[in-house]
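These notes are about the structure you will find just below.
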Amino acid sequence: MINRTVVGAHYGLKDWIAQRATAVIMAVYSVLLAAVLIIVRPSTFEAWQGVFAHGVMKFLTFLFFVSLFYHAWIGVRDIWMDYVKPTGLRLTLHVLTVTALVGYTAWAAAILWRL
C-alpha cells in the first residue's frame, strides 16, 4: 500500500463539473432566448422590455448571468493560480476579480428587476 500525501486546493473535478454545468445552463438559455426572439420579434424598446418583463424570463436571465460569472470565476481563478506566482499579487487579483464579478451580479439583478 502506498501512502500518498494529498496537497493542493482540491479544485479539480468539482470545478470541472461546475464549469460544464454552467456551460450547459448558458447554452440552454441561449437556445431558449433565440426561440423567444424568433417568435416575438421585438423591434421596439417596449417590445424588448416585454420579453424580459415576465418573472420566469427574469429568473432564467439572472440564472444565465450567475452561471456566466461563476464560469468566469473558475477560469480566471485558475489563470491567476497557474501564472501569478507572488502570493500577494495573486491574492489581490483574486479579490479584485471576485469584487468585480459580485458587482456585475448585483448590477444584472438591478437591471432585471428594475423593468
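Some observations on this one:
- Quotient of C-alpha Rg and 2.2 N^0.38 Å, computed over segment 12-114: 1.32
- Inter-site label distance for Val24 and His54 at 7 Å from Cα along Cβ, in nm: 2.4 nm
- Sites Val31 and Leu112, calculated FRET efficiency, Cβ-Cβ separation with R0 25 Å, nearest 0.05: 0.80
- Neighbour net charge for Asp82 - beta-carbon separation under 15 angstrom, K R +1, D E -1: +1
- Acute angle (nearest 10 degrees) that the helix 55-83 long axis makes with the longest principal axis of the chain, alpha-carbon atoms: 30 degrees
- Once the Cα atoms are used to define both axes, helix 12-40 deviates from the longest principal axis of the chain by about 10 degrees.
- Our coupling estimate for segment 84-99, obtained by passing each phi through the Karplus curve with A = 6.51, B = -1.76, C = 1.60 and θ = phi - 60°, is 9, 8, x, 4, x, 5, 4, 4, 4, 5, 4, 5, 5, 5, 4, 4 Hz, Gly and Pro reported as x.
- Length released on extending from Ile17 to His94, taking residue separation times 0.36 nm less the Cα-Cα span: 25.6 nm
- For segment 54-112, dividing the convex hull volume of the Cα atoms by the residue count gives 48 Å³ per residue.
Values in this text are rule-based calculations from the coordinates and carry no lab data. From a predicted model like this one, the values you see are computed outputs, not experimental measurements. Please note: Cβ atoms are built from the backbone with ideal geometry, for glycine as well, and neighbour counts cover all protein chains shown.
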